[in-house]
Amino acid sequence: MAEARTLAEAIIRALDSKRAQKIELLQVGDITILADYFILCTATSTTQIRTLSDICEEAAEKLGEEIHHKEGERESGWVLLDFSTVVVHIFLPEQREFYGLEHLWSDGEMVDISGLLETDRAERREALRNGHALD
């Protein structure tokens, strides 16, 4: 069984590789028994929701983890993947705004994942080449 943080990082990299948007990692283990981490991300279409769901399961399987529970359907604009210590929420933009999990779980600690995201690194490299700094 993989450590929760290792599993979360593998899933985040997988989501990033398939261009998930607004990926966030919340450490919630101190405030709930549901999981150690919640991963939130936004998909641009129902097709991408399926792709992101599949890549999360593949990343977990590579670490010897299996999905314990799955809720939602891509057609609903929201899918939850429960890997016990890590729960992944994949939303279309409207559903993410509607559910507002960042606000609901605001007592959790937002973890800096910028070093895990290739898209962030690429944007930063480009900005530095052009003489700009990103916040």
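The values are calculated or read from the model by the stated rules, or taken from the named source; none is laboratory data. These numbers were taken from a predicted model, which means no experiment stands behind them. As a convention, Cβ positions derive from the backbone with ideal geometry for all residues, glycine included, and neighbour counts pool all protein chains shown.
Residues that are under 11 Å from residue 108 (Cβ atoms), touching a Lys or Arg at 6+ places or on another chain (Cβ under 9 Å) and not aromatic (Phe, Trp, Tyr) within region 28-45 comprise 36, 40, listed in sequence order.
Pick out the one residue from 35, 8 that is modelled with pLDDT of 95 or more and in a loop (DSSP other than H, G, I, E, B). Outline the logic, then answer.
Numbers: 8 fails: in a loop (DSSP other than H, G, I, E, B).
Step by step, each of 35, 8 is checked, and only 35 is modelled with pLDDT of 95 or more and in a loop (DSSP other than H, G, I, E, B).
Among the residues of region 116-129, are any over 19 Å from residue 8 (Cβ atoms) and at pLDDT 90 or above? If you could, list the steps in order and put the result at the bottom.
So in region 116-129, the residues over 19 Å from residue 8 (Cβ atoms) come out as 122-129.
Filter again for at pLDDT 90 or above, leaving none.
Checked against the condition, which is being over 19 Å from residue 8 (Cβ atoms) and at pLDDT 90 or above, region 116-129 yields no hits at all.
Out of region 41-85, which residues are assigned to a loop (DSSP other than H, G, I, E, B), over 12 Å from the mean Cα position of the chain (by Cα), modelled with pLDDT of 95 or more and crowded, with 19+ Cβ neighbours inside 10 Å? Residues satisfying the conditions are 65, 83, 85. Look at region 84-113: where a residue is without any contact (Cβ under 8 Å) to a residue 40 or more places away in the chain and a partner is part of a strand (DSSP E or B), sitting 6+ places away or on another chain with Cβ atoms under 8 Å, you get 95/78; 99/78; 99/89; 99/91. Figure legend. Inter-residue proximity from region 55-68: first residues closer than 9 Å to residue 10 by Cβ, second residues charged (D, E, K, R) and surrounded by 12 or more Cβ atoms within 10 Å (Cβ to Cβ), beta-carbon distance below 8 Å, spacing 6+ or different chains. Indicated pairs: 59/13. Could you tell me how many of the residues in region 86-107 are in a loop (DSSP other than H, G, I, E, B), under 15 Å from the mean Cα position of the chain (by Cα) and either hydroxyl-bearing (Ser, Thr, Tyr) or closer than 20 Å to residue 28 by Cβ (or both)? The total comes to 2. How many residues, within region 15-32, are surrounded by 20 or more Cβ atoms within 10 Å (Cβ to Cβ) and in a helix (DSSP H, G or I)? Looking only at that region, the number is 2.
For residue 88, state whether it is modelled with pLDDT of 95 or more, farther than 21 Å from residue 118 by Cβ and surrounded by 15 or more Cβ atoms within 10 Å (Cβ to Cβ). No, not satisfied.
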